[in-house]
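The values are calculated or read from the model by the stated rules, or taken from the named source; none is laboratory data. All values derive from a computational prediction rather than experimental measurement. Here Cβ is always computed from backbone atoms with ideal geometry, including for glycine, and neighbour counts include all displayed protein chains.
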Amino acid sequence: MKIIENTLFVLSVVFGFFLIGPEVDAPDLDKPLPEIQYCLSQLGDWIDNRESKLDNIKPDNASKIEFYDSIPEKTHYSILYLHGFSASTGEGDPVHHNIAKALKANIYLPRLSNHGLFEEEPLLYFTGQNYLDSAKEALAIAKKIGEKVIVISSSTGGTLSLILGDDPQIAALLLFGPNVEIHDSRAPLLTLPWGLQIAELVVGSKYHIMDKITEEKKKYWTTRYRLEPTIELQKLLETGMQKEIFKKITAPVFMGYYYKNEEEKDEVVSIPAMLRMYDQLGTPKEKKQKMTFPEAGDHVIISHLSTPNHHQAELAALEFLKKQLNVELN
């Protein structure tokens, strides 16, 4: 009996120690968009000057506005591209540029918080809150350069798009491989007490290293980064990817993703989770469309650095916009 009591005592102590382990705070989803004080003619210089103060931004990774025909005038639609975790706006090239040209639209390509940098400890100071806040600022800027905003996103950029998706100035969401849930079933362990320590034991390192790395991709992705930001990412997903968020969205939604068969499909994010999200959207059935791209061969289906078949997603998205927004394409 004494042995049982001692065992139970030890187990209760261990369990209590586990429960008081370090955890990450949930991001505040309800913070309002910031007010952008600069007028249209000043916006580009303001963004350029702010980015120039950082001496460790990778080439071609800085935030930038590209005005249609290089004229600083508001267009009927503006394009906002929200890149995924560890990526940059090169992740969506050339599709975001081509869609902007087809719609004669200004485009804003933001470098989201802590991304696109040369760092000794890449993404160590990333937080879900700062990532979301930078996306909110990006949307506020996009609203200044267009009467309506079309948000294009890939991967975790889709997470951000869905959280922001009920903004009345958003004309449409184009979601490519949206990260509603990570494919790896062990991901929820990250946000348990001692999640970082568990992750380091599982991975056997303090770092995550991407696969399918090329020298060109290294220019636009952080291919090796600390595990700490993955905990922040998982907390953002758990907090934001909820039915009550999805049902608030009523704008037209196009969702494209890589799926050929059960062996050849997107294995970075969960396809069942994105399909559940799609069904829970407040968008009427006639204003939303989901489409598989079996020849994409990669989680990222809109970059020339990931797939030679990115044009398939581009053409499908343009056809969707033409129908839903009743626009003529350039």
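Do the conditions hold for residue 323, that is, is it under 18 Å from the mean Cα position of the chain (by Cα) and either modelled with pLDDT under 95 or outside any loop (DSSP other than H, G, I, E, B) (or both)? Talk me through it step by step, then tell me what you get.
Numbers: under 18 Å from the mean Cα position of the chain (by Cα): no; either modelled with pLDDT under 95 or outside any loop (DSSP other than H, G, I, E, B) (or both): yes.
The answer is no for residue 323.
Given the structure, is residue 298 among the acidic types (Asp, Glu), more than 15 Å from residue 158 (Cα to Cα) and assigned to a loop (DSSP other than H, G, I, E, B)?
So residue 298 fits the description; yes.
Have a look at 291, 274 and point out the one that is farther than 20 Å from residue 99 by Cβ and not basic (Lys, Arg). First the steps, then the outcome.
Details: 291 fails: farther than 20 Å from residue 99 by Cβ.
Step by step, each of 291, 274 is checked, and only 274 is farther than 20 Å from residue 99 by Cβ and not basic (Lys, Arg).
Can you give me the number of residues within region 157-176 that are of a type in the set (Val, Ile, Thr) and out of contact with any helix residue (DSSP H, G or I) (no Cβ under 7 Å at 6 or more places or on another chain)? If you could, list the steps in order and put the result at the bottom.
We begin by selecting, within region 157-176, every residue of a type in the set (Val, Ile, Thr); these are 159, 163, 170.
Right, trim to out of contact with any helix residue (DSSP H, G or I) (no Cβ under 7 Å at 6 or more places or on another chain) and you get 170.
Final tally of qualifying residues: 1.
Considering only residues that are over 15 Å from residue 181 (Cβ atoms) and in contact (Cβ under 8 Å) with a residue 60 or more places away in the chain, which ones fall in region 247-272?
248, 249, 250, 251, 252, 253, 254, 256, 258
Being surrounded by 12 or more Cβ atoms within 10 Å (Cβ to Cβ) and either touching a Leu at 6+ places or on another chain (Cβ under 6 Å) or aromatic (Phe, Trp, Tyr) (or both) is the filter here, so list the residues in region 42-56 that pass it.
Selection gives 46 alone.
With a cut-off of at least 2 residues that are touching a residue at least 40 places away in the same chain (Cβ under 8 Å), surrounded by fewer than 23 Cβ atoms within 10 Å (Cβ to Cβ) and touching a Ser or Thr at 6+ places or on another chain (Cβ under 8 Å), name the strands (runs of 3 or more DSSP E) lying wholly within region 128-246. Spell out the reasoning first.
Values: elements: 146-154, 170-176, 207-209, 224-226.
Answer list for region 128-246: 146-154.
Restricting attention to region 282-320, which residues are over 23 Å from residue 88 (Cβ atoms) and either in contact with a strand residue (DSSP E or B) (Cβ under 6 Å, 6 or more places away or on another chain) or among the hydroxyl-bearing types (Ser, Thr, Tyr) (or both)?
Once the filter is applied, which keeps residues that are over 23 Å from residue 88 (Cβ atoms) and either in contact with a strand residue (DSSP E or B) (Cβ under 6 Å, 6 or more places away or on another chain) or among the hydroxyl-bearing types (Ser, Thr, Tyr) (or both), region 282-320 yields 283, 288, 289, 290, 291, 292, 316, 320.
So is residue 81 under 16 Å from residue 305 (Cβ atoms) and part of a strand (DSSP E or B) or not?
On the way: under 16 Å from residue 305 (Cβ atoms): yes; part of a strand (DSSP E or B): yes.
For residue 81, the condition - under 16 Å from residue 305 (Cβ atoms) and part of a strand (DSSP E or B) - is met.
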